[in-house]
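Trainee: One structure coming up, written as structure tokens, with questions to follow.
Every number in this text was worked out from the coordinates using simple rules, so none of it is lab data. Bear in mind that the values here come from a model prediction, so they are computed numbers and not experimental data. Glycine gets a Cβ as well: all are built from the backbone with ideal geometry, and neighbour counts include every protein chain shown.
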Amino acid sequence: MTEPQKNVVEPVPEWGPKMAALPSDKWRNFVVALFESEGPPEGKGRKIWAVERAGFGKDDGTSTNKVLSTIANRIFQDPRIKSAIREYAEMYSHRILPAAMRAVKHGIYDNAHKDHARFTSMVLDRTIPVETISTVKIEDHRPAATAEQIERVIQRIEALARRAGIVVLPPPIEGEFTVVDETP
Amino acid sequence: MTERIISAGHKWSMLCVAYYKRLLQSKLGVDARLRLLEELNEMSDLHFTPKMLAAIQPMSDVELDIVHEAMALDGDERCDASFKVLTSRRVFAIFQQLNPSYSAALGH
């Protein structure tokens, strides 16, 4: 494994709010190092490499991998670093977008490219997408409460009211009415 | 004795107001409290006036038990069954006895 160079992360003109909220430049360097092209892949010492590259551990470089791994894990547990990684990833994806577009363009213009058809299809799918019309019929098959269930609940409610000292008698229906002439 | 005829919708509104006011008395987060206050604010209209809304007192424990009994009839989202039970003459008469502020509100 090549010896990682410490503190050589390129300066970034302006950090986003999440990156700026990290406690120190070492933490910010750690996030940036995670995205760098150099270094071992994930699962093969990437975090340890990033921690060391960010400047954690002893200055003379004698920190063991176990120590660096502990530091990396502790940093990863911090919610601030998670937010910062998400923020940086978004910025990073914008930065690599032109290169991604150039690669697609190259794949489309080069008929001999092994992924020529895939690139072409990818672009066509996004520019002239296949339209599908779906009709969704939503039916509610949940059984409605039966009259017996409702009656049982009302009786329980009346029992509750009796316990609270309420005489449960619905008021009798009384009313004054007049016959309305409905002829036009 | 004559009974004032109250629409089911009005009864429901009054019960909701009392229920929300009861909820507002419990420990709630700022978001939940604001949501409930906004709901209350939007409930009044030309017929269910702000005066009526203000007159309604929070639900008592017994009223709350009754509401929960009725809500047990409901499915996941709809409240058809509890609406039917709670706004029925039999049950709303109980509410009126338990919480006279419903009748007082109707006088406004």
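Trainee: For a 31 Å ceiling on Cα separation, which of these pairs sit above it: A:K137/B:K11; A:K18/A:K44; A:K26/A:K105; A:K18/B:K21; B:K27/B:K51; A:K26/A:K114?
Mentor: Those over the limit are A:K137/B:K11; A:K26/A:K105; A:K18/B:K21; A:K26/A:K114.
Trainee: Over all residues in B:64-72, what is the mean tally of Cβ atoms on other chains that come within 10 Å of each residue's Cβ?
Mentor: 4
Trainee: Also, quick follow-up: Just from its helices, what would the mean residue ellipticity at 222 nm be for chain A, if runs of 4 or more DSSP H residues each count -39500 (n - 2.57) and the sum is divided by every residue, rounded to the nearest 500 deg cm²/dmol?
Mentor: Calculated mean residue ellipticity at 222 nm is -17000 deg cm²/dmol.
Trainee: Can you compute 3J(HN,Hα) from phi for each residue in the stretch B:34-39, using the Karplus curve 6.51 cos²θ - 1.76 cosθ + 1.60 with θ = phi - 60°, rounded to whole Hz and x for Gly and Pro?
Mentor: 3J(HN,Hα) across the stretch B:34-39, in whole Hz: 5, 4, 5, 5, 5, 4.
Trainee: Right, next: Could you work out the relative contact order of the stretch B:8-106, using alpha carbon pairs under 8 angstrom and six or more residues apart, expressed as a whole percent?
Mentor: Computed value for the stretch B:8-106: 36 percent relative contact order.
Trainee: If I stretch the segment between A:E182 and A:R95 completely, what's the gain in nm (0.36 nm per residue apart, minus their alpha carbon distance), one decimal?
Mentor: 23.6 nm
Trainee: Would you please classify the overall shape of the stretch A:71-129 from the alpha carbon gyration tensor, given that a ≥ b ≥ c denote the square roots of the eigenvalues, rounded means a/c under 1.5, and beyond that prolate means a/b larger than b/c while oblate covers the rest?
Mentor: prolate
Trainee: Highest mean first, what order results for A:51-64, A:106-119, B:17-30 on Cβ atoms within 10 Å?
Mentor: A:51-64, B:17-30, A:106-119
Trainee: Is the shape of the stretch B:8-106 rounded, prolate or oblate, going by the alpha carbon gyration tensor and its root eigenvalues a ≥ b ≥ c, with a/c under 1.5 for rounded and a/b larger than b/c for prolate?
Mentor: Here the stretch B:8-106 falls in the rounded category.
Trainee: Which ³J(HN,Hα) values, rounded to whole Hz and listed in residue order, are derived for the stretch A:114-130 from phi using the Karplus coefficients 6.51, -1.76 and 1.60 in 6.51 cos²θ - 1.76 cosθ + 1.60 with θ = phi - 60°, glycine and proline given as x?
Mentor: For the stretch A:114-130, the Karplus-derived couplings read 5, 9, 3, 5, 5, 4, 4, 4, 4, 5, 4, 4, 8, 8, 10, x, 5 Hz, x marking Gly and Pro.
Trainee: In addition: Could you run the Debye sum over the Cα atoms of the protein assembly as shown, one equal point scatterer each and no solvent, and tell me log10 of I(q)/I(0) at q = 0.07, 0.10, 0.11 Å⁻¹, two decimals?
Mentor: -0.64, -0.79, -0.82
Trainee: Please give the Cα centre distance for the stretch A:121-166 versus the stretch A:32-108, rounded to the nearest Å.
Mentor: 47
Trainee: Which residue, A:A89, A:A103, A:A159, has the most motion in a Gaussian network model of chain A that connects Cα atoms within less than 10 Å?
Mentor: A:A159
Trainee: With θ taken as phi - 60° and the coefficients 6.51, -1.76 and 1.60, list the Karplus ³J(HN,Hα) couplings across the stretch A:41-49 in order, rounded to whole Hz; mark glycine and proline as x.
Mentor: x, 4, x, 10, x, 4, 5, 4, 4
Trainee: How high is the relative contact order of chain A? Use alpha-carbon pairs under 8 Å, at least six apart in sequence, and give a whole percent.
Mentor: Relative contact order here is 16 percent.
Trainee: Report the dimensions of the stretch A:54-164 along its three principal axes from the alpha-carbon atoms, largest first, rounded to Å.
Mentor: Result for the stretch A:54-164: principal-axis Cα extents of 80, 54, 21 Å.
Trainee: What nm value, rounded to one decimal, do you get for the distance between A:N111 and B:E42 when each label is placed 7 Å out toward the C-beta?
Mentor: In this crude spin-label approximation the distance works out to 6.1 nm.
Trainee: Compute a Gaussian network model of chain A, connecting alpha carbons closer than 10 Å, and tell me which residue from A:A164, A:A72, A:A50 fluctuates the most.
Mentor: Of the options given, A:A164 has the highest mean-square fluctuation.
Trainee: Under the definition of partner shielding as Cβ atoms of other protein chains within 10 Å of a residue Cβ, what is the mean value for peptide A:149-162?
Mentor: 6
Trainee: Among the aspartates and glutamates, which have Cα under 17 Å from the Cα of A:K58 when same-chain residues fewer than 8 positions away are ignored?
Mentor: By straight Cα distance, A:K58 reaches A:E3, A:D25.
Trainee: Evaluate the distance, in nm, between pseudo-label points positioned 7 Å from the Cα of B:W12 and of A:D78 along their respective Cα→Cβ axes.
Mentor: A separation of 5.3 nm, rounded to one decimal place.
Trainee: Could you put B:F95, A:F35 in order, starting from the residue whose Cβ has the fewest other Cβ atoms within 10 Å?
Mentor: With the sparsest Cβ surroundings first, the list reads A:F35, B:F95.
Trainee: A further question follows. Under the 0.36 nm per residue contour assumption, what length would be gained going from the current alpha-carbon distance of A:E42 and A:A144 to full extension?
Mentor: 31.3 nm
Trainee: Also: Sort A:122-128, A:132-138 by the packing proxy (mean of other Cβ within 10 Å over each peptide's residues), most packed first.
Mentor: Order by mean packing, descending: A:122-128, A:132-138.
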